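Take a look at the structure set out below.
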Amino acid sequence: REILTESAAADFVVMASHGRRGMDRLLLGGVTTKVVRGCSRPVLVVAGPEAKEPRLDAILVAVDGSDCSLRGFHQARELARRVGAALILYQAVKMRWTSAEPETPLEEVTAQLEMLAAECEGIETRVRVYPTDSSPRIVER
């Protein structure tokens, strides 16, 4: 609760994730997860001990067309502009389980991302559309 309370006085929160798994995560409760879910400010989560030194050459922005993801896009765009980083606009497109067709045509999703990219004048911007049969697959290692 203290982190969430203190975050009210900040514009941005940075936290480390220790990368605990299994029983350790269950017992310790996932503080970072609770902050990410409960914080009204943007939260940057720095990976655990295996993380490389941070660089801001490129920022990946996962979008899905929701108001929440668009707010994330706007914040990432401003950060990219301030630090001179490139933006990678990414959207996973769920495939229909009954056919090999995407739920939303890939061309339509690409066009939507290209419209966002057009709002990034002066920022190197790349668009990535990833067809997938399930949401969990996009975060599997």
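The values are calculated or read from the model by the stated rules, or taken from the named source; none is laboratory data. Small disclaimer: the values here were computed from a predicted structure and weren't measured. So basically every Cβ, Gly included, is an ideal-geometry build from the backbone, and we count neighbours across all protein chains shown. Protein only, heavy atoms only, side chains kept; ligands, DNA and RNA dropped before computing areas. Shrake-Rupley method; radii C 1.70, N 1.55, O 1.52, S 1.80 Å.
Quick notes
- Pair list, Cβ under 6 Å, 6 or more apart: the stretch 51-74 residue of a type outside the set (D, E, K, R), other residue surrounded by 14 or more Cβ atoms within 10 Å (Cβ to Cβ) and assigned to a loop (DSSP other than H, G, I, E, B): L56/A85; A58/A85; I59/A85; S69/V63; F73/V63
- For L106, the test of being open to solvent by 50 Å² or more (accessible area, probe 1.4 Å), among the aliphatic types (A, V, I, L, M), more than 29 Å from H18 (Cβ to Cβ) and free of Cβ contacts under 8 Å to residues at least 40 places away in the same chain is passed.
Rundown of residues vs (1) more than 25 Å from A58 (Cβ to Cβ); (2) of a type in the set (D, E, K, R); (3) not in a loop (DSSP other than H, G, I, E, B), yes/no style:
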{"position": "G72", "(1), (2), (3)": "no, no, yes"}
{"position": "Q75", "(1), (2), (3)": "no, no, yes"}
{"position": "A80", "(1), (2), (3)": "no, no, yes"}
{"position": "L89", "(1), (2), (3)": "no, no, yes"}
{"position": "A92", "(1), (2), (3)": "no, no, yes"}
{"position": "T104", "(1), (2), (3)": "yes, no, no"}
{"position": "E107", "(1), (2), (3)": "no, yes, yes"}
{"position": "A111", "(1), (2), (3)": "no, no, yes"}
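- Checked against (1) closer than 25 Å to L44 by Cα; (2) open to solvent by 80 Å² or more (accessible area, probe 1.4 Å), E101 passes all but condition (1).
- Residue check for G19: at pLDDT below 85 and touching a Pro at 6+ places or on another chain (Cβ under 9 Å): yes
- Candidates R82, R77, R37, filtered to the one that is open to solvent by 80 Å² or more (accessible area, probe 1.4 Å) and within 30 Å of T104 (Cα to Cα): R37
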